[in-house]
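The values are calculated or read from the model by the stated rules, or taken from the named source; none is laboratory data. Small disclaimer: the values here were computed from a predicted structure and weren't measured. Cβ sites come from the backbone with ideal geometry, for glycine too, and all protein chains shown count toward neighbours. These accessible areas exclude ligands, DNA and RNA; they are computed on the full protein's heavy atoms, side chains included. Shrake-Rupley method; radii C 1.70, N 1.55, O 1.52, S 1.80 Å.
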Amino acid sequence: MRRRAVVWSVLSSGAILAVGWQLGAETAATTGLAETQAAPDASSASVSGGSAATTPSATTPSATTPSAAATPAPTTSEAPAAAAPAAPAAVSGTFTGTSVSTRYGSVQVQVVVSNGSITDVVALKLTNDDNRSVSISNRAAPVLRSEVLAAQSAKVQGVSGATYTSDAYLTSLQAALDQAGL
Amino acid sequence: MSIQTATRRRASPNSVDRARRTRTRRRLRRADLLVVLCWSSVAVAVSLYLAYGGLSEVRDVASALTALGIVTGLVGTDLILVMLVLAARIPLIDRAVGQDRAIAVHRSLGKPALYLILAHGVLLTIGYAMSDGSSVVAETIAFLQGSDLVLGYAGLGLLVLVVVTSVVAVRRRFSYEAWHLIHLLSYVAVLIALPHQLSSGAVLADGTLQRVYWIALYVLAFGSIGVFRFAVPLIRSARHDISVAAVEAIAPGVVSIHLRGRDLGRLQTAGGQYAIWRFWSAKTWWHAHPISFSAVPTATGARITVRDLGRGSSAISRVRPGTRVSIEGPYGIFTDEVRAAPRMAVVAAGIGITPVRSLLEGSVLLPGEATVLLRATDASQQYLWQEVSALPSLTGSAVYSMVGPRPPGLATWMSAEALARGVTLTSAFPDLLVSDLYVCGPQSWTELVIRDARAAGLPEKQLHVERFDW
Amino acid sequence: MATHVFDTMGTGASIRFAGDLPPAEALTAVETCFAEFDAQFSLYRSDSEISEIARGALTLPLASERFRDLYAEALHWRSLTHDSFSPHRPDRVLDLSGLVKAKAMDAAAAGLSAADVHDWMLNVGGDLLVDGNLEGSPWHVAVVDPDDRCHLLCTFDLDGSRTSLATSGTTERGEHIWRSRATSTYRQVSVVADDIVTADVLATAILAGGRERLDEAVETFGVDVIAVDADGSIVATERMHRAHGFAL
């Protein structure tokens, strides 16, 4: 009888593993968000490639991965199985991905899409690991300047800089703004 | 002690044989099912991980190591929980394969489970270290700063302690009770490792099937232990109110302890079973012993026979009448229930006579259906032999005795004299291959009988062995 | 919009209101608030409590309750930032200036709230604290370019719970930041947070403690950071990547 037990064990275990494998592959493929047509931004994924601090275990098989793609721009990220087809234009709405496990707990990602572009990615459920609330979507990464901004064109009401003396204030941008605002 | 045997009428041989074959088939299928369930539970653990997208997170070496670390943790924990279920003395498992076999499987899973959990820790530390770009040491320090993870490490440490002390070489140095106490730390190890599985091991995330499965498994393991190792024995001992009635020396170093109790028929003890006994006297309360019933219990009385083998059992031999006794069981499948063949062959030596005596008493046998061979080295080991010969169920059956030392230097279960005469197992039991063979005696002697039986071609399902050493 | 400008704590301060200026009492209350803190905690005034303690004329146990509370809070921040922010100067002088300005801003904000004055932006020496909004839109703020005070590094909205923006730098008045070159090469650090004390302390701590402290601060406090390195490279948290002036 032992041999029969072995045979059946192998068969049933194999079947169970196969089902799990299949389910896993399906989840990964179907929950990827539609890829957008904002092509120029897609190349900026190479900028995020420089982000050293990707947390692989924090990525989700669904939706976009906030930490893997350093940019909030409309790109779909890595997920190996997420070969999502190109989207029909102008998809808008808020999409919630599946709850995914990370070393910090379970994370559920909500993606806000506006006219086919991802405008926001929000991590919904972040559990604390020993009082350390982790904002996995907010790790610091290198960024490039697009231009040197002139104060006048910026339409700001306040400028923050290192603390200046009173005299320095007088020649500061803030003073200029304050005078203009008066 | 009056020994009563019920007068039972036997059905016709054919229907009895058919019934036996069916029962055996069912029992063996149940045993197979248990094996399949054990392996399937491991498969389910891994499969759930896969189903929830575990593999899609594998992109590079670091994440592969991390994933492998998670899987080894899942499999290791699953195996440990299976081990707990096997040690829980669940009646269903006892009836299907017997406690001794369950414990044997339990033992065999110990080291693999430990290695898997160790791998779990190592792989995850390396995997996270690689993906974070930090060192293994830094990662370990980071882990140690999480209180749940510290408990995980502590659980692992306890597990190592338990497994190391269970390795035979180390176990020998401890008294059984001391070893068992350390072994019970395994419950602690499993429980304190639970928090880190819930918080850091996000496989148990809320609302997932994984969580359901693992919680169910934990409940099954600890629930079984709670019920069958603690609650049921406590209730039984209280209900049956067993105490020592008399202690009778029947041979040098051998005593029969007569027990009195209430409503013992409710225990439904079959001939050949044993129970785990605890005698509540000053010198004996902290150890529990598996001892076979040497007679089928009546409504108010039972009898067990013990040989003076070590400090523990010698103390038992000296318990005084009136001592309270608690019972776990009855357990065992050295009974009439597991008959698979038309005839019965019984071989017993020394203290092995004990379960055989009650087995034969409790069996319903046709005249001449059974053949019994009793082995002793000398006259001091022939206790209970008269009783066996006098059993009503053995009317018309042959009871042989083989007395004498074995030939020096030769590994055989027979006496020198019998060997010289050319006696073999098959000559003593010509119908061996259509018999159920019941063997009970000292361990190494038993193994020799089994070796001969298998060599003669006896099917496994017809071989029934009572072991005392588990 | 109406703006009120005043001097305090050795620097220039201004409050900009979305509508008209509030009653004079409210503004006076704000100025008084700062003046009180300055009187107590300025090391540049020989008669301040902190100066007395510095020269030993007053011992800590006998100091005022507000002083001791502030000191305790500074110690708490020191342990939270693993010594990157510390009221203890290498020359053993107790210097609470890293905390005082933000605490004063907090107190002033509480005063304005109590007087039911809303929708304003307070700027004290480069630290920004806002309340409400500017006619329905969030206050739009900027971080100055550390290489050129006349230009901006980036601009963004202070929206939602983000009310505070503090910047620490080595450009001006950097003496109160003691850092080892080994741990930090940052030249300027800006922190966006839900309260001004957190923003100010963390800006100082990250400037002193470098990348390690930055990661910790982001993880533990959930703040946003923009840090400019000595070689000009910029590191920012995800949400700040959307700021105007940064390449997407």
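Taking segment C:222-248 as the range and being among the hydrophobic types (A, V, I, L, M, F, W, C), farther than 21 Å from C:His140 by Cβ and facing chain A (nearest Cβ under 7 Å) as the test, only C:Val235 passes. Within segment B:250-261, can one find any residue that is surrounded by fewer than 17 Cβ atoms within 10 Å (Cβ to Cβ), touching a residue at least 60 places away in the same chain (Cβ under 8 Å) and in contact with a helix residue (DSSP H, G or I) (Cβ under 6 Å, 6 or more places away or on another chain)? Yes: one or more hits. Candidates C:Leu134, C:Leu112, C:Leu128: the one that is within 7 Å of another protein chain (Cβ to nearest Cβ), open to solvent by less than 10 Å² (accessible area, probe 1.4 Å) and farther than 30 Å from C:Ser46 by Cβ is C:Leu128. Taking segment B:420-449 as the range and being outside any loop (DSSP other than H, G, I, E, B), open to solvent by 60 Å² or more (accessible area, probe 1.4 Å), more than 26 Å from B:Asp308 (Cα to Cα) and of a type outside the set (D, E, K, R) as the test, the residues that pass are B:Ala420, B:Thr426, B:Ser427, B:Leu433, B:Val434. Here B:Leu410 clears all of (1) part of a loop (DSSP other than H, G, I, E, B); (2) closer than 14 Å to B:Leu373 by Cβ; (3) not polar (S, T, N, Q) except the condition numbered (2). Can you pull out the residues in segment C:48-69 that are out of contact with any strand residue (DSSP E or B) (no Cβ under 7 Å at 6 or more places or on another chain) and part of a helix (DSSP H, G or I)? Answer for segment C:48-69, where residues must be out of contact with any strand residue (DSSP E or B) (no Cβ under 7 Å at 6 or more places or on another chain) and part of a helix (DSSP H, G or I): C:Glu49, C:Ser51, C:Glu52, C:Leu60, C:Pro61, C:Leu62, C:Glu65, C:Arg66, C:Phe67, C:Arg68, C:Asp69.
Each residue in segment C:1-47 was checked for being in contact (Cβ under 8 Å) with a residue 24 or more places away in the chain, over 18 Å from C:Ser113 (Cα atoms) and in a strand (DSSP E or B), and 5 of them qualify. Within segment B:304-324, residues that are on the phi > 0 side of the Ramachandran plot have Cβ atoms under 8 Å from residues that are at pLDDT 80 or above in these pairs: B:Gly322/B:Ser243; B:Gly322/B:Val244, counting only partners at least 6 apart in sequence or on another chain. Of the residues making up segment C:24-71, those that are of a type in the set (Ser, Thr, Tyr) and open to solvent by less than 30 Å² (accessible area, probe 1.4 Å) are C:Ser42, C:Ser48, C:Ser51. Among residues of segment A:145-172 that are more than 24 Å from C:Met1 (Cα to Cα) and facing chain C (nearest Cβ under 7 Å), those with a Cβ under 8 angstrom from a residue that is modelled with pLDDT of 80 or more and part of a helix (DSSP H, G or I), sequence gap 6+ or separate chain, pair up as A:Thr163/C:Lys101. Would you check if there is a residue in segment B:82-96 being more than 14 Å from the chain's Cα centre (by Cα), at pLDDT 90 or above and not charged (D, E, K, R)? Yes, because at least one residue in segment B:82-96 is more than 14 Å from the chain's Cα centre (by Cα), at pLDDT 90 or above and not charged (D, E, K, R). Residue check: is B:Leu55 farther than 20 Å from B:Pro195 by Cβ and touching a Leu at 6+ places or on another chain (Cβ under 8 Å)? Taking the combined requirement at face value, the residue does not satisfy it.
Against the conditions (1) in a helix (DSSP H, G or I); (2) within 9 Å of chain A (Cβ to nearest Cβ), B:Arg95 satisfies every one except (2). Being within 7 Å of chain A (Cβ to nearest Cβ), among the hydroxyl-bearing types (Ser, Thr, Tyr) and surrounded by fewer than 23 Cβ atoms within 10 Å (Cβ to Cβ) holds for only one residue in B:Ser40, B:Ser47, and it is B:Ser40. Checked against (1) in contact (Cβ under 8 Å) with a residue 12 or more places away in the chain; (2) part of a helix (DSSP H, G or I), B:Trp39 meets all criteria but (1). Criterion applied to B:Ser147, B:Ser131 was being hydroxyl-bearing (Ser, Thr, Tyr), within 14 Å of chain A (Cβ to nearest Cβ) and farther than 20 Å from B:Ile192 by Cβ, and the one residue passing it is B:Ser131. Say whether the condition of being closer than 30 Å to B:Glu57 by Cα, of a type in the set (A, V, I, L, M, F, W, C), touching a Lys or Arg at 6+ places or on another chain (Cβ under 9 Å) and not assigned by the TED database to the domain that holds B:Ser294 is met by at least one residue in segment B:185-199. Yes; the residues of segment B:185-199 include at least one that is closer than 30 Å to B:Glu57 by Cα, of a type in the set (A, V, I, L, M, F, W, C), touching a Lys or Arg at 6+ places or on another chain (Cβ under 9 Å) and not assigned by the TED database to the domain that holds B:Ser294. Does segment C:150-164 include one or more residues that are over 30 Å from C:Gly19 (Cβ atoms), at pLDDT 85 or above and away from chain A (no Cβ under 11 Å)? Looking through segment C:150-164, none of the residues is over 30 Å from C:Gly19 (Cβ atoms), at pLDDT 85 or above and away from chain A (no Cβ under 11 Å). Every test in (1) open to solvent by less than 20 Å² (accessible area, probe 1.4 Å); (2) more than 9 Å from chain A (Cβ to nearest Cβ); (3) farther than 18 Å from B:Gly157 by Cα is passed by B:Gly73 save one, and that test is (3). Just to be sure before I move on: is B:Ala295 in contact (Cβ under 8 Å) with a residue 24 or more places away in the chain, surrounded by 14 or more Cβ atoms within 10 Å (Cβ to Cβ) and in contact with a Phe, Trp or Tyr (Cβ under 7 Å, 6 or more places away or on another chain) in the structure I sent? Here the answer is no, as B:Ala295 does not meet what is asked.
A count restricted to segment B:269-282 and to residues that are open to solvent by 50 Å² or more (accessible area, probe 1.4 Å) and either in contact (Cβ under 8 Å) with a residue 24 or more places away in the chain or touching a strand residue (DSSP E or B) at 6+ places or on another chain (Cβ under 6 Å) (or both) stands at 2.
You will find that of B:Pro442, B:Pro405, the residue that is of a type outside the set (A, V, I, L, M), touching a Gly at 6+ places or on another chain (Cβ under 7 Å) and closer than 19 Å to B:Gly350 by Cα is B:Pro442 and no other. When we screen C:Ala72, C:Ala102 for residues that are part of a helix (DSSP H, G or I) and in contact (Cβ under 8 Å) with a residue 40 or more places away in the chain, the only hit is C:Ala102.
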